1. Within the range 40-65, take every residue that is over 18 Å from residue 28 (Cβ atoms) and of a type in the set (D, E, K, R) and give me the one that is farthest from the chain's Cα centre (by Cα).
2. Taking the range 42-95 as the region of interest, how many residues are over 26 Å from residue 3 (Cα atoms) and among the aliphatic types (A, V, I, L, M)?
Amino acid sequence: MKKHTGNIIISPRITEKGAYLAEKGAYVFNVTRDSNKYEISAAIRELFKVTPRAVHIVAIPRKEVKVRGTNRTGMTVGGKKAYVFLKKGEVIEFA
């Protein structure tokens, strides 16, 4: 079953590292856990009308954290992020 491209890209990751990479033509996105490079590339092509040169995927592990003010522990969500490298001269504008 083909996934809808709007359900693959969750959000852009707005960080200092992401801003530095954006100057070099690479953008960072949160993506769904079951997506692959080809689906992410197709989603970027359809949503932003740019051509990805390469896509690298990194798994974000779940981590155990202390809940502030109590003696309880919890878990972070984890997930997956994708580094999308564009062709020279192409940019993605986040409004």
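What follows draws every value from the coordinates through simple rules; no lab data is involved. From a predicted model like this one, the values you see are computed outputs, not experimental measurements. Glycine gets a Cβ as well: all are built from the backbone with ideal geometry, and neighbour counts include every protein chain shown.
1. 64
2. Qualifying residue count for the region: 3.
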